[in-house]
Amino acid sequence: AISLGAPILALTAAGEDPRTFPNTDLVATLKGISDGTQIGDSGTLNDDIFGILALVSAGESSTSSAVQGAKIFLLSNQNSDGGWGWGVGADSDTNDTASAIMALMEAGISSSDSSIQNALAYLQGAQNDDGGFPYDPNSSFGTDSDASSTAWVILAITKLGQDPVSWTSDSGGNPVDFLWSLQHEDGYFENTPGAG
């Protein structure tokens, strides 16, 4: 499902029709791997997240059975800490939580819904003093802020109609300033400070 969702999102962002470009109906193919209760693999959640985002971006109704089934599947697999992981039973991470917020809102969930508010609380608790976000704030592999996680959270904050600059840590950092701090003088963005 992800291998279909990604090009659908890219094509719709470029103003192309994923039903006819290049020569395959990617939307019908993606809908074809929905069983009405979830999209793709029943052991993963990220395919449902990106499935919802892709289908709605391509003009599918948020009330379609594929979108609504995936929405219910996501809601039923929200972790007790408010976040989502990449798969059923996986530990929460900022990337999947941020993208799940966006997908659920596209599927008709209000920003005031407890599922969204609990996810926001998870993200707020994951923010580092530098204003950025790690992939997993409880990871034994490291909890440094990184560009991709911070970007995902900025997208979710913006989707909620909030200003990401207002998400200031106790030390005064915010996600936008952290992301800008990773830009190298050659123009590219490092994933973490000093990573190249």
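Quick notes on this structure:
- Residue count, segment 136-170 (criterion: open to solvent by 80 Å² or more (accessible area, probe 1.4 Å), more than 20 Å from residue 82 (Cα to Cα) and modelled with pLDDT of 95 or more): 2
- Residues located in segment 177-196, provided they are open to solvent by 70 Å² or more (accessible area, probe 1.4 Å), modelled with pLDDT of 95 or more and among the charged types (D, E, K, R): 177
- Residue 87 being open to solvent by less than 10 Å² (accessible area, probe 1.4 Å) and either closer than 22 Å to residue 158 by Cα or in contact (Cβ under 8 Å) with a residue 40 or more places away in the chain (or both): yes
Listed here are the residues, each with its yes/no results for (1) touching a strand residue (DSSP E or B) at 6+ places or on another chain (Cβ under 7 Å); (2) over 19 Å from residue 95 (Cα atoms); (3) in a loop (DSSP other than H, G, I, E, B); (4) not aromatic (Phe, Trp, Tyr).
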{"residue": "37", "(1), (2), (3), (4)": "no, yes, yes, yes"}
{"residue": "42", "(1), (2), (3), (4)": "no, yes, yes, yes"}
{"residue": "50", "(1), (2), (3), (4)": "no, no, no, no"}
{"residue": "55", "(1), (2), (3), (4)": "no, yes, no, yes"}
{"residue": "59", "(1), (2), (3), (4)": "no, yes, yes, yes"}
{"residue": "62", "(1), (2), (3), (4)": "no, yes, yes, yes"}
{"residue": "68", "(1), (2), (3), (4)": "no, yes, no, yes"}
{"residue": "71", "(1), (2), (3), (4)": "no, no, no, yes"}
{"residue": "75", "(1), (2), (3), (4)": "no, no, no, yes"}
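The values are calculated or read from the model by the stated rules, or taken from the named source; none is laboratory data. Remember, predicted model here, so these are calculated numbers, not experimental data. Glycine gets a Cβ as well: all are built from the backbone with ideal geometry, and neighbour counts include every protein chain shown. Side chains are part of the model used for accessible areas, which takes the heavy atoms of the whole protein and leaves out ligands, DNA and RNA. Shrake-Rupley method; radii C 1.70, N 1.55, O 1.52, S 1.80 Å.
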